[in-house]
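Heads up, the thing below is written out as structure tokens.
Values in this text are rule-based calculations from the coordinates and carry no lab data. These figures come from a predicted structure and were not determined experimentally. Cβ atoms come from the backbone with ideal geometry, glycine included; neighbour counts cover every protein chain shown.
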Amino acid sequence: IDGLYHDQLPCGRPRPCYATNHGHLPGDPAAYLSQGHWHTYAEGIMGDLRRKYPDFVHTGEEASEPYLKCLDGFMTWRFGHSQHVPLFQSIYAPRIQFVGRGCFTHASVKQDYAGFFPKYGEQLVLGEQIGWVQYDTIRFPSPLRAWLKKLALLRYDLADFLNSAEMQKMLTFQKKPETLTAAWGVQVTNVCTSDKILHGVWRHKDGRLLVIFLNTVNEPQTVLPPDSLLANKAAAVLAEGREPLFFSARSHAPAVILKPYEAQLWLLTDRPDRAWAARHTPVMKKIATVMDDLGLMMNDKPNFAERKELDATKHEFLRLKDASWLLGASRFSKTNLDYDPVKAPDNWAVCPDKSVVYFGHVDFGEDGCSRLEGEFACDRNGVTVEMIDLTLDHPHEVLATFDLAAGGWYDYQTVQARLSRPVWGKRDIMFRFSGGNCNFKGWRTLD
């Protein structure tokens, strides 16, 4: 057995027993805790089962002190609530691990794409484990998945340090950092405001001080550390993709200048720790390219026999939920970002290079059509989307091409395209994607 998760164990409220024939004092709290849960979980699972399976991991939902000896980790999805203060982590990390934040699927309420990055970025700077993410969020290539990979690589590399360190008071910057306000979508909407550059300060038991800086937005950001930061300490500074920089004690603390989604590490010691810098430089170089490495698509199984009858004559958008099948692309079937099967049924799809979306048998009407528009989002130039005519085993005629301009990965643009010839009647229509990752909401005829 590798691990066991007990739902609602650490969030369960005490239930005193007032029975007079159970062998304990009526209402005795010991019957619930020290002679109850501690006996079952701390002695049984963490004792007997741990001896049989030394690498066994035991976690439970929420975080509360009485259950510390019963568990290895708290699954703390509620730490994504508005105005959360990391007091509990500051006391108990790393004495116990914190293993979860609520993903998009935790509640069918408004959620923002931008909120994903600080929500999971906090896990790194506050010493938590990275993740507790719904599978549908990571089955497709995206900055969301790449962000989790970057955080996980860095968290793994810093594990030895963080597991022997205590959280310290946050820095007071010379000027307040810019802030981001976004709906994190944890249980209820929970609109959270966080610094665009998150940071955490950790003191190792040997006295070394580690400061983690993390840019959680897709734009450059700068903060100015306090002038006194290097008054008595030297620093080794590691930035992504670069060689280490070293500053002696009593130096002027440089500005922290971060590219979009960049991390930076400062280790403060009596003298610059070059050995530590050499050990961690490889991972800092590796994560510099992670956000560009979109990786594999875990494909949904297509039903090639499906051929929907669709009507384009009303000039209304045909959405991804209307498509017959997708190949190499992914659309959600369960609650996720901007999609809920009941409350927000107009789906969208992630369409990597060479993927296709077959809509079906589309009626363009007797008057025909010469122009289209579609809703797309992509974060790089060179992405094109072609409308293909497959009617009667037609040799894949390209009817129209959408040339997309780079923007944000989830910033949709309405793009128009002119058909190579007027189209009327019923045609079998497929969209083909080339040149990079693209998000697609739907299309319609204009005239």
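Could you calculate the contour length gain from C11 to R380, that is, 0.36 nm times the residue separation minus the distance between their Cα atoms, to one decimal place in nm? Each step should come with its number before you reach the end.
Details: separation 369, 0.36 × 369 = 132.84 nm, distance 4.47 nm.
Gain on extension, C11 to R380, equals 128.4 nm.
Over the Cα atoms of region 76-292, how large are the radius of gyration and the largest Cα-Cα distance (Dmax), in Å?
Calculated on Cα positions, Rg and Dmax stand at 16.7, 52 Å.
Apply the Karplus parameterisation 6.51 cos²θ - 1.76 cosθ + 1.60, with θ equal to phi minus 60°, to every residue of region 43-60 and state each ³J(HN,Hα) to the nearest whole Hz, in sequence, with x for glycine and proline.
With the stated coefficients, region 43-60 comes to 7, x, 6, 7, x, 4, 5, 5, 5, 7, 10, x, 9, 5, 10, 10, 10, x Hz.
Could you grab the relative contact order for region 76-292? Cα pairs under 8 Å, six or more apart, rounded to a whole percent.
Details: 458 pairs, mean separation 43.9, N = 217.
For region 76-292, the relative contact order is 20 percent.
Using the Karplus curve 6.51 cos²θ - 1.76 cosθ + 1.60 with θ = phi - 60°, what ³J(HN,Hα) values do you get for each residue of region 165-180, in whole Hz, with x for Gly and Pro?
Those phi angles translate into 10, 10, 5, 10, 4, 5, 6, 9, 6, 5, 9, 4, x, 5, 10, 10 Hz.
If you rank D363, D195 by fewest surrounding Cβ atoms within 10 Å, what's the result?
Values: D363 15, D195 21.
The fewest-first ordering by Cβ neighbours comes to D363, D195.
Going by C-beta contacts inside 10 Å, put T59, T281, T384 in order with the fewest on the left. Walk me through the numbers on the way to the answer.
Working: T59 23, T281 18, T384 15.
By the 10 Å Cβ count, ascending: T384, T281, T59.
Compute the FRET efficiency between S90 and N299 as 1/(1 + (r/R0)^6), taking r as their Cβ-Cβ distance and R0 = 56 Å, and round to the nearest 0.05.
Working: r = 43 Å, r/R0 = 0.77.
Efficiency, from the Cβ-Cβ distance: 0.85.
Tell me, what is the percent relative contact order of the chain, built from C-alpha pairs under 8 Å that lie six or more residues apart? It would help to have the intermediate numbers written out before the result.
Numbers: 1042 pairs, mean separation 51.1, N = 447.
Relative CO of the chain lands at 11 percent.
Per the Kirkwood treatment, what hydrodynamic radius in Å, one decimal, follows for region 309-445 from the mean inverse distance over all distinct Cα pairs? Each step should come with its number before you reach the end.
Details: mean 1/r = 0.0668 Å⁻¹.
After inverting the mean inverse Cα-Cα distance, the result is 15.0 Å.
Calculate the dipole size of region 262-404 relative to its Cα centre from +1 charges on Lys and Arg beta carbons and -1 charges on Asp and Glu beta carbons; express the result in debye to the nearest 20.
On the way: 17 positive and 26 negative charges, 222 e Å.
Approximately 1060 debye in magnitude.
Using θ = phi - 60° and the Karplus relation 6.51 cos²θ - 1.76 cosθ + 1.60, list the HN-Hα couplings for region 62-78 in order, rounded to whole Hz, with x at every Gly or Pro.
Once rounded to whole Hz, the list reads 6, 9, 7, 4, x, 9, 4, 7, 9, 9, 8, x, 9, 8, 9, 4, 6.
Around V191, under 15 Å between beta carbons, what's the net of Lys plus Arg minus Asp minus Glu among the other residues? Walk me through the numbers before you get to the answer.
Numbers: positive: K110, K119; negative: D112.
Local net charge: +1.
Fewest Cβ neighbours within 10 Å first, please rank I130, I45, I1 accordingly.
Values: I130 22, I45 16, I1 10.
By the 10 Å Cβ count, ascending, the order reads I1, I45, I130.
Only four residue types carry charge here, +1 at the Cβ of Lys and Arg and -1 at the Cβ of Asp and Glu. Report the dipole size of the chain about the Cα centre in Debye, rounded to the nearest 20.
Values: 51 positive and 53 negative charges, 258 e Å.
Taking the Cα centre of the chain as origin, the dipole is about 1240 debye.
What longest range of the chain stays clear of loop-exposed chymotrypsin sites (Phe, Trp or Tyr not before Pro) (DSSP non-H/G/I/E/B, at most 11 other C-beta within 10 angstrom)?
Working: sites that count: Y18, F304.
Looking at the chain, 19-303 is the longest stretch - no exposed chymotrypsin sites (Phe, Trp or Tyr not before Pro) with at most 11 other Cβ atoms within 10 Å.
To the nearest Å, what is the center-to-center distance of region 277-331 and region 205-251, using C-alpha atoms only?
Each part reduced to its Cα centre gives a spacing of 37 Å.
Counting C-alpha atoms alone, how compact is region 135-207: give Rg to one decimal and Dmax as a whole number, in angstrom.
Answer for region 135-207, Rg first and Dmax second: 15.9, 42 Å.
Near the amide H of L337, under 5 Å away, which other amide H atoms are found, from residues 5 or more places off or on another chain, if H is placed in the peptide plane?
none
Around W38, under 13 Å between beta carbons, what's the net of Lys plus Arg minus Asp minus Glu among the other residues? Each step should come with its number before you reach the end.
Values: positive: K69; negative: E43, E65.
Computed value for this residue: -1.
Counting Lys and Arg as +1 and Asp and Glu as -1, what is the net charge of the other residues whose Cβ lies under 13 Å from the Cβ of K285? Present the calculation step by step, with values, prior to reporting the outcome.
Values: positive: K150, R242, R279, K286; negative: D157, E240, E243, E262.
Taking every other residue near K285 into account, the sum is 0.
Could you point to the residue in T384, S164, V217 farthest towards the positive end of the chain's charge dipole, with +1 and -1 charges on the Cβ of Lys/Arg and Asp/Glu respectively?
So the residue we want is S164.
If the only charges are +1 at each Lys and Arg Cβ and -1 at each Asp and Glu Cβ, what is the size of the charge dipole of region 76-292 around the Cα centre, to the nearest 20 debye?
On the way: 26 positive and 18 negative charges, 39 e Å.
Roughly 180 debye, rounded to the nearest 20.
Please list, ordered by chain and number, the residues whose modelled amide H lies under 5 Å from the amide H of C11; skip anything fewer than 5 residues away on the same chain.
Sorted by chain and number, the residues that satisfy this are E61.
Structure shown: which of K150/K196; K149/K334; K150/K259; K110/K301; K176/K233 lie over 21 Å apart, alpha-carbon to alpha-carbon? Please list the in-between numbers first.
Values: K150/K196 17 Å; K149/K334 23 Å; K150/K259 14 Å; K110/K301 29 Å; K176/K233 23 Å.
Violating the 21 Å Cα-Cα cut-off are K149/K334; K110/K301; K176/K233.
So who's got an amide H within less than 5 Å of the one on H58, skipping anything under 5 residues away but keeping other chains? H placed 1.01 Å off N, in plane.
HN-HN under 5 Å from H58: L4, D72, G73.
For an R0 of 22 angstrom, estimate the FRET efficiency from the Cβ-Cβ distance between D160 and T289 and round to the nearest 0.05. Kindly include the intermediate steps, with their values, before the conclusion.
Working: r = 24 Å, r/R0 = 1.10.
Result of the calculation: an efficiency of 0.35.
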